[in-house]
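Encoded as structure tokens, the structure appears first; notes follow it.
The values are calculated or read from the model by the stated rules, or taken from the named source; none is laboratory data. The shown structure was predicted, so the numbers you read here are calculated from the model rather than taken from an experiment. Cβ placement follows ideal geometry from the backbone for every residue including glycine, while neighbour counts extend to all protein chains displayed.
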Amino acid sequence: MKWTQGNLGIRTLLGLCLIIGGLSGCGETRSEPTKGYSDGVVDNNQSNGDQNGGDDGSEEFTGILVAIGERHTFDLESNPSTGYSWIVQDFDDTVLKLVSQIYLAPEETVAGASGNDRFTFEGLGVGQVTVSIEYKQPWDSETVPAETHEVEIKVTE
């Protein structure tokens with residue numbers, strides 16, 4: 001096809017539509033830290049939630065409760081096309097082990113669409129830990145994370 005004045009305008013318009021459509025999902029920002037579950041979290045385990053923390057019923061535990069050897073999985077919304085990713089911070093690895101962290105792409109094939117990072121933890125020893133997961137650009141150690149997700153996990157026998 002020859003580049004003529006008539007089809008050049010159509011091609012330009014089509015190109016602009018593709019660029020604008022591709023950038024539409026890239027402007028998402030995360031500013032407020034979260035504690036516990038937020039809108040971007042999907043808990044893949046049915047049995048956990050508000051659970052009694054003590055044998056005497058005096059203190060209510062509102063985190064995740066797992067037994068030694070049991071695994072717990074949850075998802076956090078993620079968009080690696082922005083350069084951000086979830087990074088698990090240090091925690092007591094005698095109580096809990098991070099078994100896996102995998103990215104699950106969205107079902108829709110829109111450029112810039114968010115997917116989920118799926119985290120699987122396994123109880124190793126009796127105790128309670130706070131797992132802090134930061135949403136940041138891994139190469140930028142100077143900037144405060146865009147979001148911090150903290151989850152309490154209690155491991156029982």
What residue, among those in segment 88-122 that are of a type in the set (Val, Ile, Thr) and over 13 Å from His149 (Cβ atoms), is modelled with the lowest pLDDT?
Thr109
I want to confirm something. Restricting to segment 102-113 and keeping residues that are free of Cβ contacts under 8 Å to residues at least 40 places away in the same chain and either hydrophobic (A, V, I, L, M, F, W, C) or part of a loop (DSSP other than H, G, I, E, B) (or both), which single residue is farthest from Leu65 (Cα to Cα)?
Thr109
Would you pick out the residues in segment 66-87 that are in a strand (DSSP E or B) and over 12 Å from Glu147 (Cα atoms)?
Val66, Ala67, Ile68, Arg71, His72, Thr73, Phe74, Asp75
Restricting segment 114-139 to residues that are of a type in the set (A, V, I, L, M) and in a strand (DSSP E or B), the residue that is farthest from Gly69 (Cα to Cα)
Ile133
Residues (within 17 Å of Leu76 (Cα to Cα) and buried (at least 16 other Cβ atoms within 10 Å of the Cβ)) located in segment 121-131
Phe121, Val131
Given the options Val131, Val155, Val110, Val151, name the one that is touching a Lys or Arg at 6+ places or on another chain (Cβ under 9 Å) and hydrophobic (A, V, I, L, M, F, W, C).
Val151
Evaluate segment 54-63: report whether one residue or more is at pLDDT 90 or above and in a strand (DSSP E or B).
no
Pairs, please: C-beta under 8 Å, at least 6 apart or cross-chain, first residue under 9 Å from Val155 (Cβ atoms) and in segment 58-72, second of a type in the set (D, E, K, R) and at pLDDT 85 or above?
Leu65/Lys154; Val66/Glu122; Val66/Lys154; Ala67/Glu157; Ile68/Glu157; Glu70/Glu122
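Yes/no matrix, rows are residues, columns are (1) of a type in the set (Ser, Thr, Tyr); (2) over 12 Å from the mean Cα position of the chain (by Cα):
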{"site": "Asn116", "(1), (2)": "no, no"}
{"site": "Gly125", "(1), (2)": "no, yes"}
{"site": "Tyr135", "(1), (2)": "yes, no"}
{"site": "Pro138", "(1), (2)": "no, yes"}
{"site": "Ser141", "(1), (2)": "yes, yes"}
{"site": "Glu147", "(1), (2)": "no, no"}
{"site": "Glu152", "(1), (2)": "no, yes"}
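Applying the selection to segment 140-157, what residues are part of a strand (DSSP E or B) and in contact with a Pro (Cβ under 9 Å, 6 or more places away or on another chain)?
Within segment 140-157, Glu147, Thr148, His149, Glu150 meet the criteria.
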